[in-house]
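The values are calculated or read from the model by the stated rules, or taken from the named source; none is laboratory data. These numbers come from a predicted model, not from an experiment. Here the Cβ positions follow ideal geometry from the backbone for every residue, glycine too, while neighbour counts run over all protein chains shown. Ligands, DNA and RNA are excluded from the accessible area calculation, which covers all protein heavy atoms including side chains. Shrake-Rupley method; radii C 1.70, N 1.55, O 1.52, S 1.80 Å.
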Amino acid sequence: GENVEQHPSTLSVQEGDSAVIKCTYSDSASNYFPWYKQELGKGPQLIIDIRSNVGEKKDQRIAVTLNKTAKHFSLHITETQPEDSAVYFCAVPFGGTGGGNKLTFGTGTQLKVEL
Amino acid sequence: GAVVSQHPSRVICKSGTSVKIECRSLDFQATTMFWYRQFPKQSLMLMATSNEGSKATYEQGVEKDKFLINHASLTLSTLTVTSAHPEDSSFYICSAKAEEAKNIQYFGAGTRLSVL
């Protein structure tokens, strides 16, 4: 699959602060970049995604930015709340022209929002 | 978003027995479903891709005779772990992709398998 690197592996922030998680990928043909949130014992939940024809997408407190030249994309969470505490995964498609069907996941970031 | 139901959520079995896990897309037709395995504190690893009406495609290192996949309809895929052993204990997660939603995968809640 793709080579996907995700940083940091753990992130601790104070409630109300912002959190940023970054992913880098290797295949320049990739054109779809989702972020998933996984709570303990549950399956991943798609929280935001972006396609390569735009550089930024925002949904309330969550935003994703994409730099195709540098082959990295980032998740931004503003005004963090305790319920944002979870593991976040980026993913990149592989397996065909334009990215294909299959997803390679990053290594995950454990976000902890402290009161 | 689209809903994917996975059942059971938890199963405990004896070594040597087989376990079947179901994955259903509830409000859309899934031409493609995926099966992942996740070990504690690790990322999701793709095991196989399941297309309706055809044989599953397995990732390198995944034994197709060990992990039987059936995708008999556009809303149901099953994963059977045959002759399960303790090393098969893991969190198994399915996802489904609608034909019109390019690349977007929706995940089930996962199945925690514990083999004694």
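Report whether or not B:Thr80 is more than 29 Å from A:Ser30 (Cα to Cα), more than 14 Å from chain A (Cβ to nearest Cβ), modelled with pLDDT of 95 or more and open to solvent by less than 40 Å² (accessible area, probe 1.4 Å). Answer is yes for this residue.
Conditions tested, residue by residue: (1) more than 9 Å from chain A (Cβ to nearest Cβ); (2) in contact with a Phe, Trp or Tyr (Cβ under 9 Å, 6 or more places away or on another chain); (3) surrounded by 14 or more Cβ atoms within 10 Å (Cβ to Cβ); (4) in a strand (DSSP E or B).
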| position | (1), (2), (3), (4) |
| --- | --- |
| B:Thr32 | no, no, yes, yes |
| B:Arg37 | yes, yes, yes, yes |
| B:Lys41 | no, no, no, no |
| B:Thr49 | no, yes, yes, yes |
| B:Gly53 | yes, no, no, no |
| B:Glu63 | yes, no, no, no |
| B:Ile69 | yes, yes, yes, yes |
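Mind checking whether some residue in region B:15-25 is within 11 Å of the chain's Cα centre (by Cα) and open to solvent by 80 Å² or more (accessible area, probe 1.4 Å)? Within region B:15-25 (the criterion being within 11 Å of the chain's Cα centre (by Cα) and open to solvent by 80 Å² or more (accessible area, probe 1.4 Å)), the answer is yes, since at least one residue qualifies.
For region A:94-109, state whether one or more residues are within 11 Å of chain B (Cβ to nearest Cβ), open to solvent by 60 Å² or more (accessible area, probe 1.4 Å) and touching a residue at least 60 places away in the same chain (Cβ under 8 Å). Within region A:94-109, one or more residues are within 11 Å of chain B (Cβ to nearest Cβ), open to solvent by 60 Å² or more (accessible area, probe 1.4 Å) and touching a residue at least 60 places away in the same chain (Cβ under 8 Å). The residue of region B:102-116 that is nearest to A:Pro44 (Cα to Cα), among those that are open to solvent by 60 Å² or more (accessible area, probe 1.4 Å) and of a type outside the set (A, V, I, L, M), is B:Arg112. Highlighted here are the strands (runs of 3 or more DSSP E) found entirely within region A:1-83 that include at least 1 residues which are of a type in the set (S, T, N, Q): A:5-7, A:10-14, A:19-24, A:32-38, A:45-51, A:62-67, A:72-77.
Filtered by the rule that a residue be of a type in the set (S, T, N, Q) and at pLDDT 95 or above, region A:10-44 gives A:Thr10, A:Ser12, A:Gln14, A:Ser18, A:Thr24, A:Gln38.
Go through the residues of region B:82-92 one by one and say whether even a single one is within 29 Å of A:Asp49 (Cβ to Cβ) and either of a type outside the set (A, V, I, L, M, F, W, C) or assigned to a loop (DSSP other than H, G, I, E, B) (or both). Yes, there is a match, as at least one residue in region B:82-92 is within 29 Å of A:Asp49 (Cβ to Cβ) and either of a type outside the set (A, V, I, L, M, F, W, C) or assigned to a loop (DSSP other than H, G, I, E, B) (or both).
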